[in-house]
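> I'd like to ask you about the structure that follows.
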Amino acid sequence: MVVVCPRILPGCRLSQITRLLSTKAASVNGTKVEVLGREYTGDHMTNVTPHLLSHIGRDLHLQPHHPLRHVAQRVTQHMYRQYLSPRGNPLFSVHSQLHPVVTTHQNFDSLLIPKDHVSRKKSDNFYINETHLLRAHTSAHQSELISMGFDNFLVIGDVYRRDDIDASHYPVFHQLEGVRLCTLKELYGTHQNMDAYHLFENGERTEDHQGVHSAEAARRMEAELKGCLLGLATSLFGQDTEVRWVDAYFPFTHPSWELEVQINGEWVELLGCGIMEQEILANAGVQDKIGWAFGLGLERWAMKLYGIPDIRLFWSTDSGFLSQFRFDDPATPVTYKAVSKYNPCINDISFWLPKDQQYESADFYDLVRSVGGSLVEQVNLVDSFTHPKKQLTSHCYRIVYRHMERVLTQEEVNDVHRKIEQEAASSLQVSIRCSE
Ligand code: FA5
Ligand code: MG
């Protein structure tokens, strides 16, 4: 058994540490495919590769300070604010840790995607076997959550598609799905003569609405959906951003639309949405409600919001990338700056904290920035412990130095590092233990 001391990996929860030390989150070995603790038997449809599986468990959308998490939080906050229960609580529930392996029923059939639809092709998806695949979209969870009784929910997760790899395509990306079901009363409010209003009728399917929906109910749902999503886009990108609606087709919504935004003069699709096919609700046991749904790509929103030029950067573990998003308020405005192509120099510094004096890590961070200036890319507390006999606490910080335009020599970094030590000892009253 491996005994893990949480002190060696600060910032990780114990479950994550165990996961880091144990075998990979997902693997394929002969006909055995294992994904996050579940085992499957491969067959003629299996086409997942060890490289693709290595992305599973990274959970970028859950990583503190990751840009995808910031965007997911901003969307969630918008939905929380937009839709409150009569008691003032958020109506939407958030599901961000659903298992990425789904059945072909969940990914396709439950969404009324025909058996011969192109989107089912082996060449477009990552199949675990004939009956299971890595979800190709978060819509795969719609039906199951509705059956469980959820009326207003968000699903956030990694999705997998066999695609080219370039600046805007990667085989793994992240989607955020929103679903809202409304009763007649929720859609119309309370009127004196409620008998005059209805959600359903037995009519013709037209471009504007499904045959089972009354034209007025469909119109109201469309207005609510588009209003909510435009509000979201302007709250993230600002009032002046140019956006446009484009008619679209999805087997699971009618009518359907895509929202596009201009990035560097080009129209880029931010999301797909529409009025949910009533058959999906009926199959999930819901008779008296009408629904809308949308699915957006978190990478697309983050690229627009922060000016990130390449989708592959989201997978970077380089502190030059990650440190630019190290803030707690997800609404902090940031414009991404290209990471220096020069290698970083990493030095640690450990000291005992003063015994009888207040000490805050933030003071040390300020000191490092004022002595090291723009050479300091990142500084983090990597270890903290208290000596039981001496009753003294020790902190160890890791400082990442990097120059934007040239190679830094170790001597010049050591020079700055020594100055930081001296300054910390004199102004923060710490006693240096060691540095390297
Ligand atoms: C879907 O995946 C639908 N499930 C969306 C939906 C949900 C429609 C609910 C209606 C109701 P689409 O394949 O267009 O649709 O992807 C949705 C969004 O994901 C896109 O608008 C885009 O923001 C993002 N996206 C799609 N493909 C990629 C890709 N290769 N890389 C990055 N983001 C992508
Ligand atoms: Mg699309």
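The values are calculated or read from the model by the stated rules, or taken from the named source; none is laboratory data. Just so you know, these numbers come straight off a predicted model, no measurement behind them. Don't worry about glycine lacking a Cβ; one is built from the backbone with ideal geometry, like all the others, and counts go over all protein chains shown. Each accessible area value is taken on the protein alone, full model and side chains, heavy atoms only, with ligands, DNA and RNA left out. Shrake-Rupley method; radii C 1.70, N 1.55, O 1.52, S 1.80 Å.
> Restricting to the stretch 211-222, name every residue that is away from ligand 1 (no atom under 14 Å from the Cβ) and surrounded by 13 or more Cβ atoms within 10 Å (Cβ to Cβ).
Answer for the stretch 211-222, where residues must be away from ligand 1 (no atom under 14 Å from the Cβ) and surrounded by 13 or more Cβ atoms within 10 Å (Cβ to Cβ): GLY211, VAL212, HIS213, SER214, GLU216, ALA217, ALA218, ARG219, ARG220.
> Is it true that LEU176 is under 28 Å from LEU60 (Cβ atoms), more than 20 Å from the chain's Cα centre (by Cα) and buried (at least 20 other Cβ atoms within 10 Å of the Cβ)? Write out each step before concluding.
On the way: under 28 Å from LEU60 (Cβ atoms): yes; more than 20 Å from the chain's Cα centre (by Cα): no; buried (at least 20 other Cβ atoms within 10 Å of the Cβ): yes.
No; evaluated as a whole, the condition is false for this residue.
> Also, quick follow-up: Inspect all residues belonging to the stretch 180-189 and state whether any of them is among the acidic types (Asp, Glu), more than 21 Å from ILE56 (Cβ to Cβ) and within 16 Å of ligand 1 (Cβ to nearest atom).
no
> Could you check the stretch 123-139 and list, in sequence order, the residues that are modelled with pLDDT of 95 or more and either of a type in the set (Asp, Glu) or open to solvent by 30 Å² or more (accessible area, probe 1.4 Å) (or both)? Give the steps one after another, and end with the answer.
Quick first cut of the stretch 123-139, residues modelled with pLDDT of 95 or more only: 125-139.
Passing the criteria: GLU130, THR131, HIS132.
> Cβ-Cβ below 6 Å, separation at least six or inter-chain, first residue in the stretch 265-276 and more than 18 Å from LEU305 (Cβ to Cβ), second among the β-branched types (Val, Ile, Thr) and within 7 Å of ligand 1 (Cβ to nearest atom): which pairs?
That search, which allows pairs on different chains as well, returns GLY274/THR253; ILE275/THR253; MET276/THR253.
> Determine if the stretch 315-326 includes at least one residue that is assigned to a helix (DSSP H, G or I) and farther than 15 Å from GLU377 by Cβ.
yes
> Restricting to the stretch 377-395, and then to whatever is in a loop (DSSP other than H, G, I, E, B) and more than 17 Å from GLN429 (Cβ to Cβ), can you tell me which residue is most open to solvent (accessible area, probe 1.4 Å)?
Checking each candidate, the answer is LYS389.
> Of all residues being more than 24 Å from the chain's Cα centre (by Cα), more than 8 Å from ligand 1 (Cβ to nearest atom) and closer than 23 Å to HIS117 by Cα in the stretch 237-261, which is most open to solvent (accessible area, probe 1.4 Å)? Just the residue, please.
TYR249
> Within the stretch 262-277, is there a residue that is within 14 Å of ligand 1 (Cβ to nearest atom), open to solvent by 20 Å² or more (accessible area, probe 1.4 Å), in contact with a His (Cβ under 8 Å, 6 or more places away or on another chain) and not acidic (Asp, Glu)?
Looking through the stretch 262-277, none of the residues is within 14 Å of ligand 1 (Cβ to nearest atom), open to solvent by 20 Å² or more (accessible area, probe 1.4 Å), in contact with a His (Cβ under 8 Å, 6 or more places away or on another chain) and not acidic (Asp, Glu).
> Moving on to the next point. What tally of residues in the stretch 396-414 results from selecting those that are loosely packed, with under 14 Cβ neighbours inside 10 Å and either touching a Leu at 6+ places or on another chain (Cβ under 8 Å) or small (Gly, Ala, Ser) (or both)?
0
> Of the residues in the stretch 129-165, how many are farther than 21 Å from HIS95 by Cβ, of a type outside the set (D, E, K, R) and over 21 Å from the mean Cα position of the chain (by Cα)? Spell out the reasoning first.
From the stretch 129-165, those farther than 21 Å from HIS95 by Cβ are 129-131, 162-165; that's our starting set.
After this cut, where a residue has to be of a type outside the set (D, E, K, R) as well, the list is 129, 131, 165.
Going one step further and asking which of them are over 21 Å from the mean Cα position of the chain (by Cα), we end up with 129, 131.
The number of residues fulfilling the criteria is 2.
> Within the stretch 348-376, restricting attention to residues that are touching a His at 6+ places or on another chain (Cβ under 9 Å) and more than 15 Å from ALA424 (Cα to Cα), which residue is surrounded by the fewest Cβ atoms within 10 Å (Cβ to Cβ)?
SER374
> Moving to a separate point now. How many residues does the stretch 159-170 contain that are assigned to a strand (DSSP E or B) and either of a type in the set (Phe, Trp, Tyr) or open to solvent by less than 10 Å² (accessible area, probe 1.4 Å) (or both)?
So the count comes out to 2.
> In this structure, is LEU298 of a type in the set (A, V, I, L, M, F, W, C), touching a His at 6+ places or on another chain (Cβ under 8 Å) and near ligand 1 (Cβ under 9 Å from one of its atoms)?
yes
> For ARG81, all conditions in the list (1) farther than 25 Å from ARG312 by Cα; (2) open to solvent by 10 Å² or more (accessible area, probe 1.4 Å); (3) in contact with a helix residue (DSSP H, G or I) (Cβ under 7 Å, 6 or more places away or on another chain) hold save one; what is the number of the exception?
With (1) farther than 25 Å from ARG312 by Cα; (2) open to solvent by 10 Å² or more (accessible area, probe 1.4 Å); (3) in contact with a helix residue (DSSP H, G or I) (Cβ under 7 Å, 6 or more places away or on another chain) applied to ARG81, the lone miss is (3).
> Does GLY291 satisfy the criteria of being away from ligand 2 (no atom under 16 Å from the Cβ), in contact (Cβ under 8 Å) with a residue 24 or more places away in the chain and open to solvent by 40 Å² or more (accessible area, probe 1.4 Å)?
No: the conditions fail for GLY291.
> Now for a different question. Yes or no: the stretch 318-332 includes at least one residue that is open to solvent by less than 50 Å² (accessible area, probe 1.4 Å), modelled with pLDDT of 95 or more, more than 16 Å from ligand 1 (Cβ to nearest atom) and closer than 18 Å to HIS254 by Cα.
no
> Among the listed residues LEU305, LEU225, LEU232, which satisfies the condition of being open to solvent by 20 Å² or more (accessible area, probe 1.4 Å), more than 13 Å from ligand 2 (Cβ to nearest atom) and within 24 Å of the chain's Cα centre (by Cα)?
Among LEU305, LEU225, LEU232, only LEU305 is open to solvent by 20 Å² or more (accessible area, probe 1.4 Å), more than 13 Å from ligand 2 (Cβ to nearest atom) and within 24 Å of the chain's Cα centre (by Cα).
> Here's something else I'd like to know. Look through the stretch 140-155, keep the residues that are outside any loop (DSSP other than H, G, I, E, B) and open to solvent by 10 Å² or more (accessible area, probe 1.4 Å), and return whichever of them is farthest from ILE308 (Cα to Cα).
For the stretch 140-155, the residue satisfying everything is SER147.
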